[in-house]
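Below is one structure, written out as structure tokens, with a few remarks after it.
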Amino acid sequence: GYFYSRWRKCIWSSHDLSDIVFIDNYIFNKDVHIQFNSTVGKYVGYTEHGVYNAQRYNNNTGQLQSERAQVDICKQNADIYQQTITDKS
């Protein structure tokens, strides 16, 4: 069988969240074949099929805007997490 998954994550290390990055990985059989990285601002393909689909996704302005907007959601959630951690220590 085949294994397909999608991992979406927000990564940051500063308290002011200025370095927050949103990453959306499309994984097939444990290999990332397409990735959206908010610092790059577009999809990048890592396999022949991934490059083809990344070009399609990058030509879809609605999809790109949706992915880019995820950074704001990351910031909102990260701010809540940071406040929760700070309140408990």
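How would segment 4-87 be classified by its alpha-carbon gyration tensor: rounded, prolate or oblate, with rounded meaning a/c under 1.5 and the a/b versus b/c comparison settling the rest? Prolate, since a/c reaches 1.5 and a/b exceeds b/c. Largest GNM mean-square fluctuation across 58, 29, 77, computed for the chain with C-alpha springs under 10 Å, falls on 29.
Helical runs (DSSP H, four residues minimum) scored at -39500 (n - 2.57) apiece and divided by the length of the chain put the mean residue ellipticity at 222 nm at -15500 deg cm²/dmol. With both labels modelled 7 Å from their Cα along Cα-to-Cβ, the residue 55 to residue 14 distance reads 3.7 nm. Each Lys and Arg adds +1 at its Cβ and each Asp and Glu adds -1 at its Cβ; summed about the Cα centre, the chain shows a dipole of about 220 debye. Within the listed set 50, 41, 62, the residue fluctuating most in the Gaussian network model of the chain (springs between alpha-carbon atoms under 10 angstrom) is 62.
Considering only 78, 17, 38, and ranking their Cα positions along the charge dipole of segment 4-87 that arises from unit charges at the beta-carbon of Lys, Arg, Asp and Glu, the one farthest toward the positive end is 38.
Let me check I've understood the local charge: for residue 79, count other residues with C-beta under 13 angstrom from its C-beta, Lys and Arg +1, Asp and Glu -1. What total comes out? Surrounding charge for residue 79 is -2. The slack between residue 83 and residue 37, meaning 0.36 nm per residue of separation minus the straight C-alpha distance, is 14.0 nm.
Which shape class, rounded, prolate or oblate, goes with segment 22-68 when its Cα gyration tensor gives a ≥ b ≥ c as root eigenvalues, a/c under 1.5 marks rounded, and past that a/b bigger than b/c marks prolate? It comes out oblate by the Cα gyration axes. Here the chain exposes an accessible surface that is 52 percent carbon and sulfur, computed with a 1.4 Å probe and the other protein chains kept in place.
The values are calculated or read from the model by the stated rules, or taken from the named source; none is laboratory data. Please read these numbers as outputs of a predicted model, since none were measured by experiment. Note: ideal-geometry Cβ built from the backbone for every residue, glycine included; neighbour counts use all protein chains shown. Ligands, DNA and RNA are stripped out before the accessible areas are found, and what is left, the full protein with its side chains, is counted by its heavy atoms. Shrake-Rupley method; radii C 1.70, N 1.55, O 1.52, S 1.80 Å.
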